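Okay, structure first, notes after.
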Amino acid sequence: MAKNLRHLRKEGGLSQEELADRAGLNRNYIGMIEREENAPTVDALEQISVALGIDPIVFFQER
């Protein structure tokens, strides 16, 4: 999930800070998710998926 998040964020041309702003989350939290230091809540995944304009299931699909 973390690798997909990083890939999707970069694919969208967003920095961690830009994604965090769009999702209403803290930039450090986004970084911790991408580094697998913290597991996102269901609510956070929803906010991130809305910010990226994707279905949340995409985070869990194999790439």
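Of the helices (runs of 4 or more DSSP H) contained entirely in the chain, those carrying at least 3 residues that are in contact with a Phe, Trp or Tyr (Cβ under 8 Å, 6 or more places away or on another chain) fall at 2-11, 42-52. Answer yes or no as to whether LEU45 is surrounded by 11 or more Cβ atoms within 10 Å (Cβ to Cβ), in contact with a Pro (Cβ under 7 Å, 6 or more places away or on another chain) and of a type outside the set (S, T, N, Q). The answer is yes for LEU45.
What are the pairs, 6+ residues apart or on separate chains, where a residue within segment 35-61 that is within 14 Å of LEU8 (Cα to Cα) has its Cβ under 7 Å from a residue that is open to solvent by 100 Å² or more (accessible area, probe 1.4 Å)? Final answer for the pair search is ALA51/ARG22; PRO56/GLU46. Exactly one residue among GLU36, GLU17 is open to solvent by 70 Å² or more (accessible area, probe 1.4 Å) and on the phi > 0 side of the Ramachandran plot, and that residue is GLU36. Looking at ARG6, is it open to solvent by 100 Å² or more (accessible area, probe 1.4 Å) and either of a type in the set (Lys, Arg) or modelled with pLDDT under 95 (or both)? Answer is no for this residue. Within segment 39-60, the presence of a residue that is more than 15 Å from HIS7 (Cβ to Cβ) and aromatic (Phe, Trp, Tyr) is excluded.
The values are calculated or read from the model by the stated rules, or taken from the named source; none is laboratory data. Every value quoted in this text rests on a predicted model; they were computed, and no experiment measured them. Virtual Cβ from ideal backbone geometry, glycine too; neighbours counted across all protein chains shown. Quick note on the areas: whole protein, heavy atoms, side chains included, nothing else; ligands and nucleic acids left out. Shrake-Rupley method; radii C 1.70, N 1.55, O 1.52, S 1.80 Å.
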